[in-house]
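S.K.: Take a look at this one; I'll ask things after.
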Amino acid sequence: MIYHPENYKIRDERMKPFIDADEIWSYINSEKPSPEQVQQVINKALDKNRLSLEEVAILIKAETEEQIQAIKDGARSLKEKVYGHRIVLFAPLYIGNLCTNNCSYCGYKSSNTKAVRVTLSPEDLIEQVEKLEDTGQKRLILVYGEHPRYDAKFIADSVKIVYNVKKGNGEIRRVNINAAPLDIEGFRIVKDAGIGTYQIFQETYHPETYDKVHLSGKKKDYNWRLTALDRAQEAGIDDVGIGALFGLYDWRFELLSLVRHVNHFETVYNVGPHTISFPRIQNASDLNIDKNYLVSDKDFTKLVAILRLAVPYTGLILTARESAEIRDEILQFGVSQIDGGTNIEMKGYTKEEKSQNIDKEQFQINDNRSLNEIMDELISNNYIPSFCTACYRLGRTGQHFMEFSVPGFIKKFCTPNAILTLAEYLEDYAPETTKEKGYKLISQKVEEMGDDKYVSSLKEKLTLLKQGKRDLYF
Ligand code: SF4
Ligand code: SF4
């Protein structure tokens, strides 16, 4: 359904759709930039300024090897400047794959009769969460199909169940949600359950393509989805995540539209989305899409580097859809969160063996490493894997903004908290070899912090952790 004002009860300016396809194309179709223009835009980003749509388009149109290299180098150095060395880890947990929508790119579409449909019972859910806690996970994103059964109350109830599962030293400290758009009242109910981020991806921002790939179901309504996170804001959820599924339409259009979506939030709510996700289409059961738009590795790594430069203060989430090699390259561009030890099969975390049957999954996972393998590798590459949830639990609201705008925030909070949650993991879940490596990294990072006044407090907390205290943070 293409937007028509009478189809919507527009409450005010905030709920108005904000993507103008012709405008986006006009930026892409403008003249090719000179090398100087490209460098100027990179320099502006390196000064930690947000880029305009026009400037992002200049980077998109940069095509020579040298220019692409300069963009990637820029993203790397911005990461060094802004983010420090922590990478936050989480795991997705599929709660139910009943779905009334028919998205041509998804294995769980309603017309796929081969898909095995499951909704976790409370007991199943507890079992999955216990298993995740056993590996050391502390942050989950719960994923739901779009179905009347998964209404706001169902979502809120599952969030509460997850928070109540405690096994040994294990507990889930932050539950994020990836589910269908709700109305304002629905978002309120879910917010009251104590969620972290509510994530809704537009999939494609291109209205005609959107109409084409969403064959039937409520999701066919482009604007209901586009304005969903505005309704979430209205309901008091100011921690939201946006995303596009790359491969449905021209990646340049999707990239500019994501930036346009960020602009919309910044203009209307004074704070951008917490995170942007950029999943790329992989093989799914019964995949039925125009393959012309599939994004090559070369374009994909370029687009992530551009995104980093375009929105220096927005968290970027990379998922296990990508291979370990691509993940390793993109991590250098300042990705702030990745999933680890992911299993997207329904009830998958309690299965001994991963299924080879893609009818049981929404899409294909290309990084099958366990959480510990990923932790181990991050540590070896000088990253501090983090399970930090401090701001959200201390009510430091708007943390994704404070993180970058408050001087020294990362040094004072994020890095020490990453170290503490890593130490907790090493004590409770890591095999000896990872533990040894991890503590070595911690000593090195504490050393690098020099005489900072927080270092002594951090050292005290590390001692307490070794003595058995848990959940310590700044
Ligand atoms: Fe349903 Fe989501 Fe799959 Fe679409 S992408 S068919 S809404 S589970
Ligand atoms: Fe995120 Fe706050 Fe922890 Fe930093 S201290 S990693 S901003 S929760």
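The values are calculated or read from the model by the stated rules, or taken from the named source; none is laboratory data. No experiment lies behind these values; they were computed from the predicted model shown. No Cβ is skipped: glycine too gets one built from the backbone with ideal geometry, and neighbour counts run over all protein chains shown. Note: areas computed on protein heavy atoms with side chains; ligands, DNA, RNA excluded. Shrake-Rupley method; radii C 1.70, N 1.55, O 1.52, S 1.80 Å.
S.K.: Could you compute the FRET efficiency for Lys291 and Asp73, with r as their C-beta to C-beta distance and R0 at 51 Å, rounded to 0.05?
M.R.: 0.95
S.K.: Okay, next question. Check the straight Cα-Cα distances from Lys437 and name the aspartates and glutamates below 18 Å, setting aside those fewer than 8 residues away within the same chain.
M.R.: Output for Lys437: Glu373, Asp376, Glu377, Glu424, Glu427, Asp428, Glu447, Glu448.
S.K.: Testing the spin-label approximation: label points 7 Å from Cα along Cα→Cβ at Glu80 and Lys298. State their distance in nm.
M.R.: Going from the Glu80 label point to the Lys298 one covers 2.7 nm.
S.K.: List the aspartates and glutamates whose Cα lies under 13 Å from the Cα of Lys32, skipping any in the same chain that are fewer than 8 positions away.
M.R.: Counting by Cα, and skipping residues close in sequence, Lys32 has these aspartates and glutamates nearby: Glu54, Glu55, Glu63.
S.K.: Would you mind working out the accessible area per residue for region 408-466, using a 1.4 Å probe, and quoting it in Å²?
M.R.: Heavy-atom SASA per residue in region 408-466 reads 49 Å².
S.K.: Which three semi-axes in whole Å describe the equivalent ellipsoid of region 408-466, each the square root of 5 times a Cα gyration tensor eigenvalue, listed largest first?
M.R.: 20, 11, 10
S.K.: Something else now. Would you mind telling me the share, in percent, of accessible area of the chain contributed by carbon and sulfur at probe 1.4 angstrom?
M.R.: Carbon-and-sulfur percentage of accessible area, whole number: 48.
S.K.: Whole angstrom only: what separates the Cα centroid of region 415-474 from the Cα centroid of region 32-79?
M.R.: Result: 37 Å between the Cα centres.
S.K.: Can you tell me which lysines have their Cα less than 18 Å from the Cα of Lys412? Leave out same-chain residues fewer than eight positions away.
M.R.: By straight Cα distance, Lys412 reaches Lys79, Lys81, Lys445, Lys453, Lys459, Lys461.
S.K.: Follow-up question, since we're still on this one. Taking the Cβ-Cβ separation of Asn43 and Asp157 as r and a Förster radius of 45 Å, what is the calculated FRET efficiency to the nearest 0.05?
M.R.: My answer for the efficiency is 0.35.
S.K.: In addition: Over region 230-329, with the other protein chains present, what is the accessible area per residue in square angstrom, probe 1.4 angstrom?
M.R.: 27
S.K.: A further question on this structure: Subtracting the Cα-Cα distance from 0.36 nm times the residue separation, let me have the gained length for Lys440 to Val455 in nm, one decimal.
M.R.: 3.8 nm
S.K.: Which log10 I(q)/I(0) values, to two decimals, does the chain give at q = 0.09, 0.14 Å⁻¹ under the Debye formula with one point per Cα?
M.R.: Cα-only, vacuum Debye calculation for the chain: -0.58, -1.52.
S.K.: Here's a follow-up. If I model a spin label at Arg117 and Tyr313 as a point 7 Å from the Cα along the Cα→Cβ vector, what separation in nanometres do I get?
M.R.: Taking the simple label geometry, Arg117 and Tyr313 are separated by 4.5 nm.
S.K.: Thr433 to Trp25: extension gain in nm, 0.36 nm per residue of separation minus the Cα-Cα distance?
M.R.: Length gained between Thr433 and Trp25: 141.7 nm.
S.K.: When the helix-only estimate is applied to the chain (DSSP H runs of n ≥ 4, each -39,500 (n - 2.57), divided by the residue count), what is the mean residue ellipticity at 222 nm, nearest 500 deg cm²/dmol?
M.R.: Taking each H run of at least 4 residues, the total per residue is -13500 deg cm²/dmol.
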